[in-house]
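Inspection log for the structure reproduced underneath, given as structure tokens.
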Amino acid sequence: MVVKAPTRGGEVGLIIDDAIVHPDTTITQGRINSLYNANILEIIDQSISRYGKCRILEVGAGYGAFATALHSLYPGRLEYIIVELPNILWYAVCYLGAVGNPCLVGPNQKFPETFETALVANYLVGEYRGDMGPVDLAINTMSFIEMSETQVCYYRDLMSDLLRSDGRCFIEGTPTKPHHVN
């Protein structure tokens with residue numbers, strides 16, 4: 001379960017055991033370790049066994065490092081939905097376009113029936129809410145702390161509405177201690 005950033009898309013850093021290591025990969029590795037330690041990776045495995053795939057919703061994914069890491073651990077077995085601010089989505093389009101096959105969902109389009117990664121601007125969530133679920137895992141890392149209480153409640157309700165009855169939520173807020181990365 002070692003995060004290995006793709007060598008495309010301008011990734012730079014130290015090369016250790018054929019893996020690029022830099023601050024973003026270290027943070028992402030800590031999150032993967034947290035998923036492992038909390039038995040959430042088992043939820044992904046169970047969903048893949050049950051449905052042939054696992055659908056993940058990440059609110060506030062930034063440029064898509066966590067999505068890329070999970071795709072590398074479960075190649076071809078994830079449907080990953082990213083909800084993000086429109087101006088940040090362009091970073092995700094560029095990065096994920098270099099390392100994967102993202103689908104940018106625009107207004108008044110049909111939500112894709114199959115996809116590797118679907119990118120949805122936050123203001124379009126209401127339009128596509130019914131098409132995004134059900135999801136097996138909902139994720140937010142570090143962006144709820146940037147939102148108002150009303151916005152956090154909106155996304156909490158979105159996650160709750162879209163999660164399967166046996167789905168799980170992974171939320172990381174302000175770290176008070178260094179990330180677990182060993």
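The values are calculated or read from the model by the stated rules, or taken from the named source; none is laboratory data. As the structure is a prediction and not an experimental result, all values here were calculated from the model. Cβ: placed from backbone, ideal geometry, glycine included. Neighbour counts: every protein chain shown. Side chains are part of the model used for accessible areas, which takes the heavy atoms of the whole protein and leaves out ligands, DNA and RNA. Shrake-Rupley method; radii C 1.70, N 1.55, O 1.52, S 1.80 Å.
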Which value, in debye to the nearest 20, describes the size of the charge dipole of segment 1-147 about its Cα centre when Lys and Arg Cβ atoms bear +1, Asp and Glu Cβ atoms bear -1, and nothing else is charged?
180
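Starting with the highest mean, order 129-137, 165-173 by the number of other Cβ atoms within 10 Å, averaged over the residues of each peptide.
Working: 129-137: 18.6, 165-173: 14.8.
For the peptides 129-137, 165-173, the packing ranking is 129-137, 165-173.
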Show that you can apply the helix-only estimate: for the chain, add -39,500 (n - 2.57) for every DSSP H stretch of four or more residues, divide by all residues, and state [θ] at 222 nm to the nearest 500.
-12500 deg cm²/dmol
In order through segment 68-83: 3J(HN,Hα) via Karplus (6.51 cos²θ - 1.76 cosθ + 1.60), integer Hz, x for Gly, Pro
4, 4, 5, 4, 5, 7, 10, x, x, 10, 10, 10, 10, 10, 10, 10
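Relative contact order of the chain, please, whole-number percent, based on alpha carbon pairs below 8 angstrom and at least 6 residues apart. List each step's numbers first, then the result.
Details: 279 pairs, mean separation 41.2, N = 182.
RCO, the chain: 23 percent.
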Residues whose modelled amide H sits under 5 Å from the amide H of L78, counting only those 5 or more places away in sequence or on another chain, are C54
Going by amide H atoms built from the backbone, whose H comes under 5 Å of the H on R168, apart from near neighbours?
L137, A138
What whole number of Å gives the distance from the Cα centroid of segment 46-72 to the Cα centroid of segment 96-140?
12
Residues whose modelled amide H sits under 5 Å from the amide H of A19, counting only those 5 or more places away in sequence or on another chain, are none
Give the angle, between 0 and 90 degrees and rounded to the nearest 10, that separates the Cα long axis of helix 23-37 from the longest principal axis of the Cα atoms of the chain.
70
Beta bridges by DSSP in the chain, antiparallel share as percent, to the nearest 5:
10
Based only on Cα atoms, what mean projected area does the convex hull of segment 66-171 have, in nm²?
6.7
Under Stokes-Einstein, with the Kirkwood radius over Cα pairs standing in for Rh, what whole-number D in µm²/s applies to segment 1-92 at 37 °C and 0.692 mPa s?
234
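Across all directions of projection, what mean area in square nanometres is found for the Cα convex hull of the chain?
Taking the Cα atoms of the chain, their convex hull projects to 10.3 nm² on average.
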Provide the per residue accessible area, probe 1.4 Å, for segment 55-108, rounded to a whole number of square angstrom.
38
Place the peptides 52-64, 85-97, 149-161 in order of packing, highest mean first, counting for every residue the other Cβ atoms within 10 Å and averaging per peptide.
52-64, 85-97, 149-161
What ³J(HN,Hα) values, in whole Hz, does the Karplus curve 6.51 cos²θ - 1.76 cosθ + 1.60 give for segment 145-156 when θ = phi - 60°, with x put for Gly and Pro?
5, 9, 10, 6, 4, 4, 5, 4, 5, 4, 6, 4
Hey, what do the phi angles of segment 96-109 turn into as Karplus ³J(HN,Hα) couplings, whole Hz, using 6.51/-1.76/1.60 and θ = phi - 60°, x for Gly and Pro?
5, x, 7, 10, x, 9, x, 10, 7, 8, x, x, 6, 9
